[in-house]
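The values are calculated or read from the model by the stated rules, or taken from the named source; none is laboratory data. Nothing here was measured: the structure is a model prediction, and the numbers come from that model. Cβ sites come from the backbone with ideal geometry, for glycine too, and all protein chains shown count toward neighbours. When the accessible area is computed, the model is the full protein with side chains, heavy atoms only, and any ligands, DNA or RNA have been set aside. Shrake-Rupley method; radii C 1.70, N 1.55, O 1.52, S 1.80 Å.
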Amino acid sequence: MRMRRPVSTLAWQVLICVAVLSIWQWGYGLHGSFPWLVPDLLDPYFVSKPSEIFGQFLILGCFKSKLGAFNGWFNGDFARCMARTENNLWIATAVTLKNTFFGFLAGVSSGFAAGLVLGRSDRLSAIFQPFITAVNSIPRIALAPIIVLAFGIGDMSKVVTSWIVVVFLVFFNTFEGARSIDEGFVNVARLLGASEWQITRTVVIPSTMAWVFASLSPAISFALIGVIVGEFIGAERGIGRLIIESEARAEASGMMVAVIVLMLVGVALSALIWRLQAYLLRWQQHNMVE
Amino acid sequence: MQPLANITPIKPAARAGAVQLGGVGLVYKTSGQDVVAVSDVSIEVKPGRFAVLVGPSGCGKSSLLMMMAGLRHQTSGAISINGAPIEVPDPDRVGVVFQEPSLFPWLTAEENVEFPLTLRGVSKQERRAKAEEALQLVGLDGFGKRHPHELSGGMKQRVSIARGLVQDPPVLLMDEPFAALDEQTRMTMGDELLRIWAATGKTIVFVTHSLTEAVYLADEVIVMSARPGRIVDRLEVALPRPRTFEMLSGDAFGSLRDRIWRHIRKSA
């Protein structure tokens with residue numbers, strides 16, 4: 001008897017993709033004949049379908065006009081479409097990405113600094129501990145309307161929402177990292193003549209880095225969530241705004257385009273963080289992939 | 001003409017021991033009780049000598065070393081290194097090699113060796129040159145770019161020794177540096193250390209709990225006992241140098257080792 005060769009992982013993944021997309025595209029066609037087999041949720045009114053989503057993507061991305069003609073690159077149709085539509089896919093993505101980046105940057109740097117200071121000072125951490133616990137217990141998203149109210153519907157409110165979602169995550173990780181430093185390293189550095197500041201720079205920060213990096217991957221996702229929620233509450237541009245607009249028009253395909261773009265953006269950002277992490281933590285054994 | 005011998009133009013610091021401990025004691029409090037960790041220890045190690053502190057665990061030999069390094073403070077007595085008291089770590093006078101390799105895993109071997117120089121703002125060029133020299137001395141040229149996890153236990157300890165030597169301190173303190181190594185590597189590292197010692201002429205104070213290692217390496221073995229940590233014997237090891245593997249089975253070696261063992265057995 002011959003053993004069957006195992007189907008490769010990639011083949012399975014392709015198969016699953018094709019299956020899901022096919023059900024999405026054609027599944028609801030069976031609803032009329034077999035209502036018990038196909039859930040109502042598959043109704044394209046709610047979830048659209050791949051072909052419509054792709055069509056909507058071409059329109060929102062200014063590749064095609066609403067009438068179905070392709071916008072020429074050289075005759076200026078594309079540029080005109082870009083200029084005419086206030087919140088086309090490109091501008092929306094750029095705005096959302098920009099705000100995510102600044103929110104992430106602000107959250108990571110302030111969370112890191114605060115975590116480092118409190119993590120190395122028993123006194124400060126004792127004083128601030130109850131406040132931190134209290135503020136951390138607030139679901140951060142609940143603050144988004146207040147932030148939009150305070151900072152307006154411009155970019156700033158998105159950056160602040162994003163910051164407030166990210167900062168605690170990074171803070172707690174840095175704090176834990178700074179707490180769990182091997183005192184042996186600190187002693188060695190001291191013996192070799194390091195001052196307190198030099199110990200912070202040469203021992204505390206590098207050994208905390210692994211902890212900080214562990215938080216960066218969720219932090220970038222959180223930053224994106226913060227921006228999108230901010231855009232839901234009130235914005236002129238951005239992917240979140242695109243979703244709200246499509247929702248107002250009951251256009252599932254538009255929402256799906258936005259969601260898929262967000263997915264791609266999320267994957268790209270995570271991959272970026274992962275690469276950075278692998279490079280900066282190359283001294284760690286498990287990161288030696290090369 | 002006056003005979004020059006009467007003028008004795010030798011600096012007092014050079015005549016005194018490179019490492020001098022006079023009546024050193026260490027008492028610390030645990031839950032209200034005073035624990036005497038080290039009691040009335042006096043040691044003098046002459047420049048260029050290899051002294052080994054040996055004793056059962058808990059005899060305070062590592063505490064003594066930490067005090068000599070300036071990382072802990074004795075509660076009584078005085079410690080001086082090269083003729084001056086030591087109160088804070090002074091890498092110019094004292095190099096330290098620890099039990100664990102204690103290298104920073106995020107730095108390369110080279111950067112680890114350079115570390116004490118980096119702290120003092122020595123220029124990159126000078127640092128590199130000195131680190132290279134130190135790594136060469138410990139037999140690790142060509143390994144500077146590796147991170148600690150890419151090195152074997154013995155190699156890590158060599159890097160550690162290179163770091164202890166990079167500022168060229170007259171005194172090198174070693175706290176059970178080879179305890180974590182396997183037997184073969186340990187023997188090799190012992191020979192390596194003797195070679196480095198001969199090449200640099202440092203004064204070495206070496207802590208170990210291995211009797212064989214103590215006798216094999218030392219000019220002078222200081223035997224300590226526990227509770228409280230105090231000196232119970234001193235032995236001159238008159239075996240010729242270079243020390244060889246064959247000496248380990250000789251009578252002279254055996255009787256020295258037995259003498260130490262009797263002290264340790266009594267106090268353990």
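Worth a mention:
- Solvent exposure of the range A:1-134 amounts to 70 Å² per residue of accessible area, where only protein heavy atoms count and the probe is 1.4 Å.
- Eligible lysines near B:LYS29 by straight Cα distance, threshold 30 Å, same-chain separation 8 or greater: B:LYS61, B:LYS266
- For the peptides A:218-226, B:223-231, A:257-265, the ranking by mean Cβ contacts within 10 Å, running from highest to lowest, is A:218-226, B:223-231, A:257-265.
- Helix screen, chain A: DSSP H segments with Cα axial length of 27 Å or more and mean Kyte-Doolittle hydropathy at least 1.6 are A:205-233, A:252-280.
- Fully extending the segment from A:ARG179 to A:ALA11 would add 55.9 nm, taking 0.36 nm per residue of separation and subtracting the current Cα-Cα distance.
- Descending by average beta-carbon neighbour count within 10 Å, the peptides A:37-46, B:106-115, B:173-182 line up as B:106-115, B:173-182, A:37-46, the highest first.
- Taking B:GLY58, B:GLY250, B:GLY201 as the candidate residues, the one with maximal mean-square fluctuation in a Gaussian network model of chain B, Cα springs under 10 Å, is B:GLY250.
- Of the residues B:PHE206, B:PHE98, B:PHE245, the one that moves most in a GNM of chain B with alpha-carbon contacts below 10 Å is B:PHE245.
- For the range B:47-76, accessible area lost to neighbouring protein chains reaches 40 Å² or more, against the chain alone with a 1.4 Å probe, at B:LEU71.
- Separation of the range A:32-76 from the range B:167-240 is 79 Å, based on Cα centroids.
- Average partner coverage of A:190-199, which counts Cβ from other chains inside 10 Å: 6
- Partner aspartates and glutamates whose Cα lies under 20 Å from the Cα of A:LYS98, excluding those fewer than 8 positions away in the same chain, are identified as A:GLU86, A:ASP155, A:GLU231, A:GLU236.
- Among the cysteines of chain A, those whose beta-carbon sits 4.7 Å or more from every other cysteine beta-carbon are A:CYS17.
- Partners for A:LYS49 among lysines (Cα-Cα distance below 27 Å; same-chain residues under 8 apart left out): A:LYS64, A:LYS66
- Counting only other chain Cβ atoms within 10 Å of each residue's Cβ, the peptide B:97-106 averages 5.
- A Cβ-based charge dipole, computed about the Cα centre of the range A:94-287 with Lys and Arg at +1 and Asp and Glu at -1, lands at about 300 debye.
- With all protein chains in place and a 1.4 Å probe, the accessible surface of the protein assembly as shown carries 62 percent carbon and sulfur.
- Whole-Hz Karplus values for the range A:62-71 come out as 6, 7, 9, 7, 5, 7, x, 8, 5, 7 Hz, taken residue by residue from phi with 6.51 cos²θ - 1.76 cosθ + 1.60 and θ = phi - 60°; glycine and proline positions read x.
- Of the peptides B:132-140, B:47-55, A:267-275, the ranking by mean beta-carbon count within 10 Å, highest at the top, reads B:47-55, B:132-140, A:267-275.
- Separation of alpha-carbon centers, the range A:126-199 and the range B:87-131, rounded to whole Å: 32 Å
- What the phi angles of the range A:193-202 give under the Karplus curve with 6.51, -1.76 and 1.60, with θ = phi - 60°, is a coupling list of x, 7, 7, 4, 5, 5, 5, 4, 6, 9 Hz, glycine and proline written as x.
- Computed from protein heavy atoms with a 1.4 Å probe, the total accessible area buried between B and A is close to 1800 Å².
- In this structure the amide hydrogen of B:GLY77, modeled in the peptide plane, comes within under 5 Å of the amide hydrogens of B:GLY25, none closer than 5 places in sequence on its chain.
- Vicinal HN-Hα couplings computed from phi for the range A:35-47 (Karplus, 6.51 cos²θ - 1.76 cosθ + 1.60; Hz; Gly/Pro x): x, 6, 8, 10, x, 4, 4, 6, 3, x, 4, 8, 10
- Amide H contacts for B:LEU53 (H built 1.01 Å from N in the peptide plane; partners 5 or more residues away or on another chain; cut-off under 5 Å): B:PHE206, B:VAL207, B:THR208, B:ILE222.
- Cα-derived Rg to Rh of chain B, Kirkwood definition: 0.99
- Counting only protein heavy atoms and a 1.4 Å probe, the range B:34-131 has 39 square angstrom of accessible area per residue.
- Listing of the range B:111-125 residues, each with accessible area lower by at least 50 Å² in the full protein assembly than in the chain alone (probe 1.4 Å): B:PHE115, B:LEU119
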